[in-house]
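Read-outs: derived from the displayed coordinates by stated rules, not from any lab. Here the structure is a predicted model, which means the values were calculated and not measured. Cβ placement follows ideal geometry from the backbone for every residue including glycine, while neighbour counts extend to all protein chains displayed.
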Amino acid sequence: RVFAIENDVVVSNLKSVTLPDVLEIETDAFNECVNLSLVNAPEVIKIGEYAFRNTQITEISFPKVRTIDRGAFIGCGSLVSINLPEVTKIEPETFRWTAIKNLFLPKVTFIEFYAFEMCTSLINANLPEVKTLGSMAFGNCLLLKNVSAPKTNCICDGVFSNCTSLETVELTTEEEIT
């Protein structure tokens, strides 16, 4: 496990991290490591709350991660690409204020409130298994044009609030939308 790094010198100077055998990154582990831009942790299965908040990570690929807790990547303004093939739920504020451009979450079934809010670079969201979109999940995603979520049956308030570029939302479901 990786616990919080609290030494101010380390926090300000840390640029990359390699964690070959780590299974869990704890809450706040790299929170405010403002120069951290590269993380290699191929065996990680859980990322704690605010673990990478306000870092400079540009892309993430966690092939084995199943759980990402609230706000894990909030404020990562340089984060443009994510690869999370095993994650099934996106917790509140997880990717809020990031620069993700294209989103493909193959196994996610539930996206919590504010999960991608203020992702002002997001253009496309492909969510083939999502059943629930929480409040403001994509609010203020100003460039969001296309959303595909064919299994969605629950859309909460403000999901696409202020998505001024939205052109297509695909919600082809046989179930009743609540």
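One decimal place: the segment Glu129-Ser81 gains 15.3 nm when fully extended, by the rule 0.36 nm per residue minus the C-alpha distance.
For Glu167 and Thr88, the difference between the fully extended length at 0.36 nm per residue and the C-alpha to C-alpha distance is 25.8 nm. Computed extension length for Lys101-Asn13: 28.9 nm, one decimal, from 0.36 nm per residue of separation with the Cα-Cα distance subtracted. Take a quick pass over the chain and tell me how many lysine pairs come in under 15 angstrom between Cα atoms, counting only ones 8 or more apart or on separate chains. Final tally of qualifying lysine pairs is 11.
Size descriptor for the chain, Kirkwood hydrodynamic radius: 16.2 Å (Cα pairs only, one decimal). Close amide H pairs (under 5 Å, H built 1.01 Å from N) link Val39 with Val17, residues at least 5 positions away or on another chain.
What number does region 95-178 give for Rg over Rh if you use C-alpha atoms and the Kirkwood radius?
0.93
Entry for region 18-101 at q = 0.14, 0.19, 0.21 Å⁻¹: log10 I(q)/I(0) = -0.37, -0.72, -0.91, Debye formula applied to identical alpha-carbon scatterers, no solvent contribution.
Assigning unit charges at the beta carbon (Lys, Arg +1; Asp, Glu -1) and nothing else, what dipole magnitude in debye, to the nearest 20, does the chain show about its Cα centre?
Value, rounded to 20: 340 debye.
One quarter of the convex hull surface built on the alpha carbon atoms of region 90-141 amounts to 2.8 nm², the projected area averaged over directions. Between the listed residues Ala137, Thr120, Ala149, the Cα displaced farthest toward the positive end of the dipole of region 106-178, a dipole computed from Cβ unit charges relative to the Cα centre, is found at Thr120. Can you give the relative contact order of region 25-178 as a percent, counting alpha carbon pairs under 8 Å and 6+ residues apart? In percent, rounded to a whole number, it is 14.
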